[in-house]
Structures are given as C-alpha cells and as structure tokens.
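What follows draws every value from the coordinates through simple rules; no lab data is involved. Computed from a prediction, not measured in an experiment: that's the story for all the values here. Here Cβ is always computed from backbone atoms with ideal geometry, including for glycine, and neighbour counts include all displayed protein chains.
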Amino acid sequence: MAGLNCGIPPLTAWDIIKSGADISINVDDIFAEQAIRELYYLQGGNTRIIAGESGDAGLVGLIVIMKAFEFKPLIKELNINRESRILCFNTEGATDLKNLNKIISQ
C-alpha cells in the first residue's frame, strides 16, 4: 500500500480528517492483498471489482476490524452489527498489473 505510506499527513488535511473520523488504524499489506482478492472474486454473480492496494483501503480497514483479534473492541465501539450498512470507496484500479496478477493468483 505504498500510495498510503505518507508517514505524516499534512496538518491542514489532518485537521479535516480527524474531525470527521471516529477511528484510525494501521494495517499490514497482507490485508490489502486479501481485499483485492475478495473484490476480484466476488460471490453471487456480482460484477468483478479490480482494485489497487491503496484504492481498497476502506475495505481493508473493515476486514481488519472484523477479523484481527486486536481490533475486536472496535466492532462494539463503532456499533457494527448485523443491521449495519457500510459503504467503502475504491479509489484506485489496477495501477500495477504485474502485482495485481501476483496477488489474485495466490
């Protein structure tokens, strides 16, 4: 997820982001690869979504919160339940075809 690896966000952007965000998490790239595969191999006849590692960051965050033990408390904090509707934006397509093919073939 090199496109999101900015280290420190610009202060003006951070002021906007922090006022509209409930949480912020760091995740390993392995979760981004999992999200790419889940979007690429959608179930139930849904249209395939081709996402880049940075573009699927919203889905990556959701996967981590739902599956990684250390983030389990966030499910309760964010009030995620069976009735929840969660919208994730994919902001990047296949910008690195070689890497995409490697990820989806695993």
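Under 25 Å of direct C-alpha separation, and excluding same-chain neighbours fewer than eight residues apart, K72 reaches these lysines: K18. When you filter the trypsin sites (Lys or Arg not before Pro) in the range 23-106 for DSSP loop state and at most 16 other Cβ atoms inside 10 Å of their Cβ, you are left with R48, R82, R85.
The modelled label-to-label distance for the pair I86/I50, using points 7 Å beyond Cα in the direction of Cβ, is 2.6 nm. What whole-number distance in Å separates the alpha-carbon centres of the range 14-50 and the range 57-76? Cα centroid to Cα centroid, the span is 10 Å.
A helix-only calculation puts the chain at -12500 deg cm²/dmol for mean residue ellipticity at 222 nm, using -39500 (n - 2.57) for each DSSP H run of at least four residues, averaged over all residues. Computed from the Cα positions only, the extents of the range 26-104 along the three principal axes stand at 38, 28, 18 Å, in decreasing order.
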